[in-house]
Amino acid sequence: MDAQRALLDELMGAARNMTEEERKGYKEVTWDDKEVCGFYMVRFCPHDLFVNTRSDLGPCPRIHDPKLKESFEKSPRHDAYVPKFEAELAQFCEKLVMDLDRRVRRGRERLAQEVEPAPAPPLTAEKSEQLSVLEEKIKNLLEQVESLGEAGKVDEAEALMRKVETLNAEKTALTQPQNDKVLMLGQEKKMALCEICGSFLVANDAAERTQSHVTGKQHVGYGMVRDFINEYKAAKEKANEEERLAREREAEERRKQREKEHDRRRQSDSSDRDRHRDKDHNRERDRYRDRDSDRERSREHDVRGYRDGGRGVDYRGRNGRNGGRDRYRDRSRSRSPVKHSYKRSS
């Protein structure tokens, strides 16, 4: 019937048998409602672990529904809600473990206290009389041993000492069985503390009882709680470490990018300086080339003037400095004795 009802609920909805009036105030529950237990959705609900045990938390106030859990696992928002539900469950479990650890510490303190052994039961009248006789004999023999020792009778003193040792053994035998019983009783009642669930156990208990405790609800429940906390902390530490490494890699990438940008700007500045230097060099070279060209043209003009005998027109002007120099050169040639075929008289 339950299977058929579940099938009908899945096909027709949970409100299939409601009237129109009832459906007006009805709201279908989904897995992300506040009334639904997120602990049950993501892992386990601690309220279900300790039912009918000393650590029973009572029924969970929120909804546990396998269909809602299945819907949550198939939802596209599943991965987004898992960290939230796990963080809430870890917080709840840590509180449980903190309370349990306080009980464990108190239990350790109880076990650490030195329990005084119970006083030995009183001896019977017969054993008390025997003990008194033995003590009197031992006292007399010790006095005789002392006297013989002062008299130098060593052999007799040693013989009496052997009798004293025998009497002491008989005296111990009167009380030893009672002490053994007290010791055995203390060993039988020696307790141990379970570090997982905080329960007190008999230290030398039978293997069947120990196994029964290990497979019990309280031990298994607290084992699940502790394992989940350790797993959650390990996953969180791993995620934090991966995030730290990612930040370091990002910082390293930014540093390398800044270095590349710095090198690029430095190369660009160096190239600009080289271009300016080349431009200056080219301008200087052009200036020297222009000046050499002017000199060359001036030289060519002088040569043409010399060949033309000064008849050519100087582009610098007849009244210029070069023109005056050409006229002087022409007059000197006209007066040269070699040119006019006469010799200067000596």
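The values are calculated or read from the model by the stated rules, or taken from the named source; none is laboratory data. Given the structure is predicted, the values throughout are model-derived calculations rather than measurements. For the accessible areas, the whole protein counts, side chains as well, though only heavy atoms, and no ligand, DNA or RNA atoms are used. Shrake-Rupley method; radii C 1.70, N 1.55, O 1.52, S 1.80 Å.
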For the stretch 202-218, Karplus couplings with θ = phi - 60° (6.51, -1.76, 1.60), whole Hz, Gly/Pro x: 7, 4, 10, 6, 5, 5, 5, 5, 5, 5, 5, 5, 5, 8, x, 4, 5
Members of Lys163/Lys190; Lys139/Lys190; Lys127/Lys163 lying beyond 29 Å, as alpha-carbon distances in this model show: Lys163/Lys190; Lys139/Lys190
For the stretch 91-102, 3J(HN,Hα) per residue [Karplus equation, 6.51 cos²θ - 1.76 cosθ + 1.60, θ = phi - 60°, Hz, x = Gly/Pro]: 5, 5, 5, 5, 5, 4, 5, 4, 4, 5, 5, 5
Residues with amide H under 5 Å from that of Ile63, placed H, sequence gap 5 or more: Val36, Cys37
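Determine the shape class of the stretch 54-96: with a ≥ b ≥ c the square roots of the Cα gyration tensor eigenvalues, call it rounded for a/c under 1.5, and otherwise prolate if a/b is greater than b/c, oblate otherwise.
On the way: a/c = 3.91, a/b = 1.50, b/c = 2.61.
Verdict is oblate for the stretch 54-96.
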Listed residues His47, His64 arranged by accessible area, highest first, probe 1.4 Å: His64, His47
